[in-house]
Amino acid sequence: SRAVKPVVTVAIQNGAKNFSTSPEMLFKVMVAGAAGGIGQPLSLLLKQNPLVSNLALYDLAPVTPGVAVDLSHMDTPAKVEGFKGAENLDSAVKGADVVVIPAGVPRKPGMTRDDLFNTNASIVRDLAECVAKNSPKAIIAIITNPVNSMVPIASEVLKKAGVYDPNRVLGVTTLDVVRASAFIGVINGVDPRTVTVPVIGGHSGVTIIPVLSQANPTPKISDQSKIEALTKRIQEAGTEVVKAKAGGGSATLSMAWAGARLTNAILRGLNGESNVVECAYIKSDLTEASYFANPVQFGKNGVAKNLGYGKLNAYEESLLKEALPELKKNIVTGEKFINK
Ligand code: NAI
């Protein structure tokens with residue numbers, strides 16, 4: 001049923017031209033919360049993705065159909081449709097290969113991500129129920145905070161519906177990686193796009209563990225106190241934005257960038273590309289926390305391989321030790337919300 005774009009390649013062998021065609025898959029991506037601060041720029045970026053044939057924009061906000069009409073005037077192939085209100089949710093989800101969820105309230109100054117739980121938990125629950133009913137094979141990428149608890153919520157909903165596949169539900173922690181790369185790029189005076197650095201654990205405060213010892217290039221930092229200051233800055237970078245926006249919300253533009261990057265990795269995996277790796281928060285048995293973020297390889301069915309987090313130095317081990325109780329608590333909070 002999916003659109004297939006024929007790709008014509010020309011190979012020159014022994015001076016003779018050989019024409020061969022290999023199919024490139026195209027996919028439907030649904031964005032839930034598409035009219036929001038993250039949703040709009042995320043949709044703008046996804047409309048430019050050559051692997052996207054259909055973009056379904058879902059939100060409760062009255063502006064939703066207008067956002068879709070606006071984006072539909074971009075001269076890129078993806079077909080954009082807007083779906084406003086819960087009565088149109090089923091249609092938005094049907095046929096989706098990937099469902100990206102930035103729906104829900106963001107932080108204001110003084111708030112932690114956990115303060116968002118009460119409002120956002122039911123939003124993610126209802127969206128996951130709809131995916132279970134209409135598009136149970138879709139890969140769900142959750143941006144909504146607190147991510148540490150929202151992924152367990154969606155997973156429990158899918159379990160109850162009998163359609164749970166741990167390789168198809170993940171939390172988006174890409175912004176932590178993007179921030180770490182940006183900061184190291186400045187410190188080292190290099191293009192941040194050439195920096196690789198795993199950020200593991202979860203997505204809030206102490207559960208965010210930048211593994212700076214594995215960063216490439218190695219951060220040009222002389223002493224341990226500066227390593228610790230950089231670690232803290234990455235952990236608190238979201239709060240840096242919340243404070244600077246002074247009541248106007250949290251990170252939206254950098255988050256859209258990071259969300260588009262992760263969605264692209266998922267799509268490249270679905271398209272059969274090998275060696276597509278990004279950090280993501282997934283079901284995991286690597287630590288005593290039953291969900292954990294670290295580099296994963298994407299494939300035709302979502303997460304193809306958990307690549308683990310390799311060797312940590314003593315400082316990073318201490319961060320992990322501090323993170324695990326908090327992460328476990330966040331996971332239980334999410335699971336209890338569904339199994340109460
Ligand atoms: P926003 O308030 O600008 O947009 C949220 C959108 O969700 C609004 O358009 C709203 O109408 C919509 N919405 C609310 N309930 C809905 C429902 N039941 N179904 C569909 N849409 C619904 O908020 P923003 O700034 O876009 O943030 C969204 C979420 O992303 C927040 O929870 C925020 O904490 C989180 N976030 C996550 C990050 C991460 O790294 N994972 C980084 C930054 C923000």
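According to the square roots a ≥ b ≥ c of the eigenvalues of the Cα gyration tensor, what is the shape class of region 194-323, taking rounded for a/c under 1.5, prolate for a/b larger than b/c otherwise, and oblate for the remainder? The shape class here is oblate.
Applying a DSSP loop filter and a limit of 12 other Cβ atoms within 10 Å to the trypsin sites (Lys or Arg not before Pro) in region 280-327 leaves K300, K311.
Here the simple spin-label model places points 7 Å from the Cα toward Cβ, and for S72 and L312 these points are separated by 4.9 nm.
When only alpha carbons of region 68-216 are considered, Rg and Dmax amount to 17.8, 51 Å. Geometric descriptor of region 172-236, per residue, is 71 Å³ (volume of the convex hull of the Cα atoms). Per the Debye formula on identical point scatterers at the alpha carbon atoms of the chain, with no solvent, log10 I(q)/I(0) at q = 0.11, 0.13, 0.14 Å⁻¹ is -0.70, -0.97, -1.12.
Only Cα pairs under 8 Å and 6+ residues apart enter the sum, and on that basis the relative contact order of region 97-161 stands at 46 percent.
Considering only beta bridges that DSSP places wholly inside the chain, some 55 percent are antiparallel. Each Cα pair under 8 Å and six or more residues apart adds its separation to the average, and for the chain the resulting relative contact order is 16 percent. For a paramagnetic label modelled on D115 (point 7 Å from Cα along Cα→Cβ), amide N atoms under 19 Å away belong, within region 215-256, to 235-252.
Pairs with C-alpha atoms separated by more than 19 Å, drawn from the list K133/K159; K226/K329; K47/K300; K84/K336; K94/K137, are K226/K329; K47/K300; K84/K336. If you average the C-alpha positions of region 236-313 and of region 45-94 separately, how far apart do those two centres end up, in angstrom? Rounded to whole Å, the Cα centres lie 23 Å apart.
Bear in mind these aren't lab numbers, they're just calculated from the coordinates by the rules spelled out. Everything numeric here is computed off the predicted structure, so don't read it as measured data. No Cβ is skipped: glycine too gets one built from the backbone with ideal geometry, and neighbour counts run over all protein chains shown.
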